[in-house]
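What follows draws every value from the coordinates through simple rules; no lab data is involved. What you see is a predicted model; the values in this text were computed from it and never measured.
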Amino acid sequence: MKLLIQGGTVVTHEQTFVADVYCVDGKIVEVGPDLKISDVDDVVDANGKLVMPGGIDPHTHMQLPFMGTVAADDFASGTGAALAGGTTTIIDFVIPNPQQPLLEAYHQWRDWAQKAQCNYSFHVAITWWDDSVHADMKTLVEQHGVNSFKHFMAYKNAIMATDDILVASFSRCLELGAIPTVHAENGELVFHLQQQLMEKGITGPEAHPLSRPPKVEGEAASRAINIAGTLGAPIYLVHVSVEDSVEAIKYAKNKGQIVFGECLAGHLVVDDSVYQSQDWNLAAAHVMSPPFRPKKHQEALWNALQSGVLQTTATDHCAFCTAQKAMGKEDFTKIPNGTAGVEERMMVLWEKGVNQGRLTANEFVAITSANSAKIFNLFPQKGTIAVGSDADIVVWDPSKTKTLSSETQYSKIEHNIFEGMAVSGVPDTTICAGKIAWQQGELKTAPGDGQYVNRPPYASYYQSQLKRNQLAEPQAVER
Ligand code: DUC
Ligand code: ZN
Ligand code: ZN
């Protein structure tokens, strides 16, 4: 397959220049102005458009079995939505049940993901601990291309990782050159507050944010950061949603610790007023964890993205339809947690980031693609436009407008947390593995076209992490 992208402006995380891009068999083989190439199967006219690395969404949950149901977008519809939004790679999560062997869960997810339409990879969650988990982590890293392990500090009596598990697993990650990641919420506090609210008769979706206030996240964020810091392990915080966590990350980074933070497109633009809606379905549609927050936290997240305290953007795409949400009609703790967004993330970031003067186009590429590629050790295979890189590309039309709506989305659910948002700047063509995957409203892939992406251990930050650990080795006093 030979594809020429002609006449566009290439935008990477560090450069902007006019160039054609020639892709052969899934790889970029030439980048330069006015390429004279006749051997092509397909041409994309990028005149007046931007040619950027395809988006990487480092946090999705397609087809997740969760809270008594299964997320409505499976690996086929969810990855179709990703491509429609300019995202060419997702990193989803294998979440073993407590006591389930890690490798069994991993193979189960690989099987489900066979119908993916874009590139995909997996973080693996550590939901329990014994010697087999310790051993399986090594097998996953060395034989299955997994370099990140997730820890849920919330969801008590289900998948919550207690401090002993965090210590054991972070230490194991360090031995393997993998990165521990955390969903930072204090599960004991959430459980306690949920029970209190139910006893008080506050049973609707408005109770959801009350059971997970900012301190619940801030406490867990600083605890996880301090555990990692004590062990000398790098750490990545998923879906940072409050100023308290931003401050914890900033403090640790200022002390020289290797800490990375992600925020969600939803948390950047949607606030907690949604939970006050008279319409139960609408309020419940926004139940996700961590919840949407008062506006002042959004400003803190934008500032953190701009200043590099947070490096990546994701969606936590975990779509539940109205009937599924209704499982919690009488009890908000039973509303399946999750919202969608994999299709909208890049458009929302462009509109509210670039068009509002908060981000440059190069910074947009950094936070939607390049930084995730670097942290999860895919760079420069992914996350940039360069000779030798994978031909995962979005041709972006900065002048085209669209109104985001559930009426036009690929996701299977009935609502859209960005409903009615007008955006200026949308994908024109998404190219995945060197082929046109989506173009001007038409999905051109089929389930199964997506490819699994191996991620090797020891991303670049491990060089300094290991060196400083070596220099800080404890010494016995010779007597
Ligand atoms: N939060 C959600 O809202 N859904 C899936 C898992 C999670 O942590
Ligand atoms: Zn989470
Ligand atoms: Zn998640």
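Listed values, structure above:
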quantity: The range 87-188: translational diffusion in µm²/s, Stokes-Einstein, Kirkwood Rh over Cα pairs, 20 °C, 1.002 mPa s; calculated: 155 µm²/s
quantity: Rg to Rh, two decimals, where the range 183-237 supplies the alpha carbon set and Rh follows Kirkwood; calculated: 1.14
quantity: The range 222-284: relative contact order as a whole-number percent, Cα under 8 Å and 6+ apart; calculated: 31 percent
quantity: Relative frequency of Cα-Cα separations exceeding 23 Å in the range 237-328, percent; calculated: 30 percent
quantity: Residues whose placed amide H lies under 5 Å from that of residue 260, excluding near-sequence neighbours; calculated: 235, 236, 237
quantity: Residue-averaged 222 nm ellipticity for the chain, from DSSP H runs of 4+ at -39500 (n - 2.57), nearest 500; calculated: -9000 deg cm²/dmol
quantity: Kirkwood Rh, Cα atoms: Rg over Rh of the range 1-128; calculated: 1.12
quantity: Rg followed by Dmax, in Å, when the range 306-390 is reduced to its Cα trace; calculated: 17.1, 56
quantity: For the range 65-117: span of alpha carbons on each principal axis (Å, largest first); calculated: 37, 22, 15
quantity: Hits among lysines - C-alpha to C-alpha of residue 115 under 23 Å, sequence gap 8 or more where chains match; calculated: 27, 382, 412, 435, 444
quantity: Integer Hz, Karplus 6.51/-1.76/1.60 couplings in order for the range 405-414, x for Gly and Pro; calculated: 7, 5, 5, 10, 7, 7, 3, 7, 8, 8
quantity: Amide H within-cut-off set for residue 44, under 5 Å, with H built and near neighbours excluded; calculated: 4, 5, 6
quantity: Too-long pairs where the Cα-Cα distance tops 25 Å, listed order kept, from 156/250; 253/296; 200/334; calculated: 156/250
quantity: Dimensions (Å) - the range 204-270, Cα atoms, principal axes, largest first; calculated: 42, 21, 15
quantity: Over the chain, relative contact order from alpha-carbon pairs under 8 Å, at least 6 apart, %; calculated: 22 percent
quantity: For the chain, alpha-carbon Rg over 2.2 N^0.38 Å; calculated: 0.94
quantity: Scaled radius of gyration (Cα, divided by 2.2 N^0.38 Å) that the range 368-479 gives; calculated: 1.62
quantity: Amide H partners (placed H, <5 Å) of residue 30, local residues excluded; calculated: 22
quantity: Descending principal axes extents, the range 135-214, alpha-carbon based, whole Å; calculated: 50, 21, 21
quantity: Per-bin percent of Cα-Cα distances, the range 438-479 [10 Å]; calculated: 18, 21, 16, 17, 13, 8, 5, 1
quantity: Tail fraction, Cα-Cα pairs, the range 343-432, threshold 20 Å, whole percent; calculated: 42 percent
